[in-house]
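Accompanying notes for the structure given below.
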Amino acid sequence: MQVPTIIGHRGARTNAPENTLAGLRRAHEEGATWVEFDVKLTRDGVPVLIHDETVDRTTDARGAVREMTLAEISRIDAGCPAVFGDRFRGARIPTLEESLALLLSLGMGFNLEVKPCPGLERETSHAALAVVARSWPAGAPVPVISSFKAASLEAAREAAPALPRGYLAERLEGDWIGAARALGCATIHPGFRHLERAQVEEAHSHGFPVLVWTVNDAARAVEIRGWGADSLISDVPGAIAAAIA
Ligand code: G3P
Ligand code: MG
């Protein structure tokens with residue numbers, strides 16, 4: 001399958017609050033054609049973009065995402081005040097639905113990471129893929145659905161068998177090719193820290209494109225691209241695109 005060379009991580013996390021509409025726009029402004037983002041469910045089962053199990057780090061409020069309704073979560077300020085101060089005041093935790101509408105209007109593609117709260121592995125995939133099915137048209141770029149959780153990937157396969165799935169791992173170990181195959185994955189998404197050239201070659205020999213995260217250092221980006229990695233997922237997509245150009 002076709003994947004872009006650069007993917008903005010959580011939008012474009014260094015220069016705009018992660019997993020917000022401002023972050024998706026910022027990735028577009030930096031020239032990225034795709035973004036990665038994380039999806040969890042609110043208490044009332046609505047897929048929203050957020051990485052952590054609590055809102056504490058990225059908003060001006062405190063609390064567990066799974067204990068907050070969409071109405072409650074939509075009121076808080078997700079402009080990452082601890083990082084950006086008042087610069088992005090008014091940013092919200094967006095629903096998956098409104099995020100896809102924005103990406104569609106920008107002509108962008110996406111890697112949706114299913115990031116379930118414990119025990120919600122299957123529900124999170126089912127709800128997220130129901131949104132994708134109703135709000136992402138057939139002619140738009142085909143997204144990749146990734147997860148660290150096997151149960152989420154299995155549920156994604158049931159809910160949207162035609163959409164490619166990505167095998168996410170901090171480190172590729174054991175029979176990772178077999179595990180990716182068993183889950184019917186189309187792509188491999190390793191962390192950059194432990195990745196080796198031989199693993200990129202191994203993935204390619206089995207027909208898997210390799211999408212590496214989170215590559216924010218120019219020299220490392222050049223090295224990993226030199227190994228043949230297909231895609232670099234970065235907090236600074238513009239800078240990394242310039243580095244490997
Ligand atoms: O999908 C790549 C990367 O986002 C996985 O790690 O913790 O940043 O969601 P994390
Ligand atoms: Mg992620």
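The values are calculated or read from the model by the stated rules, or taken from the named source; none is laboratory data. Nothing here was measured: the structure is a model prediction, and the numbers come from that model. A quick note on method: Cβ atoms are made from the backbone with ideal geometry, for glycine too, and the neighbour counts reach across all protein chains shown. Surface accessibility is based on the protein's heavy atoms, side chains included, excluding ligands, DNA and RNA. Shrake-Rupley method; radii C 1.70, N 1.55, O 1.52, S 1.80 Å.
Taking the options LEU49, LEU70, name whichever one is of a type in the set (A, V, I, L, M) and open to solvent by 40 Å² or more (accessible area, probe 1.4 Å).
Step by step, each of LEU49, LEU70 is checked, and only LEU70 is of a type in the set (A, V, I, L, M) and open to solvent by 40 Å² or more (accessible area, probe 1.4 Å).
Residue pairs, Cβ under 6 Å, 6 or more apart or interchain, first in segment 138-154 and in contact (Cβ under 8 Å) with a residue 12 or more places away in the chain and open to solvent by 80 Å² or more (accessible area, probe 1.4 Å), second within 16 Å of ligand 1 (Cβ to nearest atom) and among the acidic types (Asp, Glu). List them.
Taking only residues 6 or more apart or on different chains, the pairs are LYS149/GLU121.
Scan segment 110-117 and tell me whether some residue there is more than 16 Å from ligand 2 (Cβ to nearest atom), open to solvent by 20 Å² or more (accessible area, probe 1.4 Å) and among the basic types (Lys, Arg).
Checked against the condition, which is being more than 16 Å from ligand 2 (Cβ to nearest atom), open to solvent by 20 Å² or more (accessible area, probe 1.4 Å) and among the basic types (Lys, Arg), segment 110-117 yields no hits at all.
Quick one: in segment 173-191, which of the residues that are among the hydrophobic types (A, V, I, L, M, F, W, C) and within 14 Å of ligand 1 (Cβ to nearest atom) is farthest from HIS9 (Cα to Cα)?
If we take residues in segment 173-191 being among the hydrophobic types (A, V, I, L, M, F, W, C) and within 14 Å of ligand 1 (Cβ to nearest atom), then CYS185 is farthest from HIS9 (Cα to Cα).
For segment 61-71, does any single residue satisfy the condition of being among the aliphatic types (A, V, I, L, M) and assigned to a loop (DSSP other than H, G, I, E, B)?
yes
What's the number of the condition ILE240 fails, among (1) in contact with a strand residue (DSSP E or B) (Cβ under 7 Å, 6 or more places away or on another chain); (2) part of a helix (DSSP H, G or I); (3) without any contact (Cβ under 8 Å) to a residue 24 or more places away in the chain?
So the condition that ILE240 fails would be (3).
Any chance segment 31-43 includes a residue that's free of Cβ contacts under 8 Å to residues at least 40 places away in the same chain and not in a helix (DSSP H, G or I)?
There is at least one residue in segment 31-43 that is free of Cβ contacts under 8 Å to residues at least 40 places away in the same chain and not in a helix (DSSP H, G or I).
Considering only residues of segment 189-218 that are touching a residue at least 24 places away in the same chain (Cβ under 8 Å) and among the small types (Gly, Ala, Ser), which is most open to solvent (accessible area, probe 1.4 Å)?
If we take residues in segment 189-218 being touching a residue at least 24 places away in the same chain (Cβ under 8 Å) and among the small types (Gly, Ala, Ser), then ALA218 is most open to solvent (accessible area, probe 1.4 Å).
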